[in-house]
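A short write-up of the structure that comes next.
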Amino acid sequence: MFLRHLLLGILIFSCAPPPEPPKPVIMPPIKSSQPDFSSKTLFGQGLMTEYEIWEFLREKPSESIVLETLGLPDSVWLDDNNSTKFLYYFISEYQDYNTVEVDAQTNLVSGFEWD
């Protein structure tokens, strides 16, 4: 009787559909691929202070809103787990990179370091 239940259980679980493959992570373009794009943004035109940028990122906007507001990043990286995208913005006045972390699944800001 136990063997019959065991075989039935194995049969049921082996017939389950395979798990869905993870969605591919789409990386945003970088500044060198479209150099004119960033000059048309609020940040690119110098219309946002560092504090306003910090407040804006604190609200956890979507990646597309970040790109529209701050422009294209200088470089983009994906972590080893394919869970977080890192958008690096080089600020020439400070000779420093600022980072915006975007969740790869939701495309919302998950963290940032902005001086």
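The values are calculated or read from the model by the stated rules, or taken from the named source; none is laboratory data. In this text, all values refer to a predicted model and were calculated from it rather than measured experimentally. Positions of Cβ are backbone-derived with ideal geometry, glycine not excepted, and every protein chain shown enters the neighbour counts. For accessibility, only protein heavy atoms count, side chains too; no ligands or nucleic acids. Shrake-Rupley method; radii C 1.70, N 1.55, O 1.52, S 1.80 Å.
Determine whether LEU57 is loosely packed, with under 12 Cβ neighbours inside 10 Å and outside any loop (DSSP other than H, G, I, E, B).
Working: loosely packed, with under 12 Cβ neighbours inside 10 Å: no; outside any loop (DSSP other than H, G, I, E, B): yes.
So LEU57 does not fit the description; no.
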Q: Determine if region 64-79 includes at least one residue that is part of a loop (DSSP other than H, G, I, E, B) and open to solvent by 60 Å² or more (accessible area, probe 1.4 Å).
A: no
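Only residues that are over 21 Å from SER83 (Cβ atoms) and at pLDDT 80 or above: list them for region 30-44, please. Please lay out each step first, then the result.
Of all residues in region 30-44, those over 21 Å from SER83 (Cβ atoms) come to 31-44.
Within region 30-44, LYS31, SER32, SER33, GLN34, THR41, LEU42, PHE43 meet the criteria.
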Q: Can you tell me which residue within region 11-29, out of those that are among the β-branched types (Val, Ile, Thr) and at pLDDT 80 or above, is least open to solvent (accessible area, probe 1.4 Å)?
A: VAL25
Q) Restricting to region 80-98, what's the tally of residues that are more than 11 Å from the chain's Cα centre (by Cα) and either farther than 13 Å from ILE30 by Cα or open to solvent by less than 20 Å² (accessible area, probe 1.4 Å) (or both)? A) 11
Q: Could you list, in sequence order, all residues of region 40-54 that are open to solvent by less than 70 Å² (accessible area, probe 1.4 Å), more than 21 Å from ASN107 (Cα to Cα) and part of a helix (DSSP H, G or I)?
A: GLU50
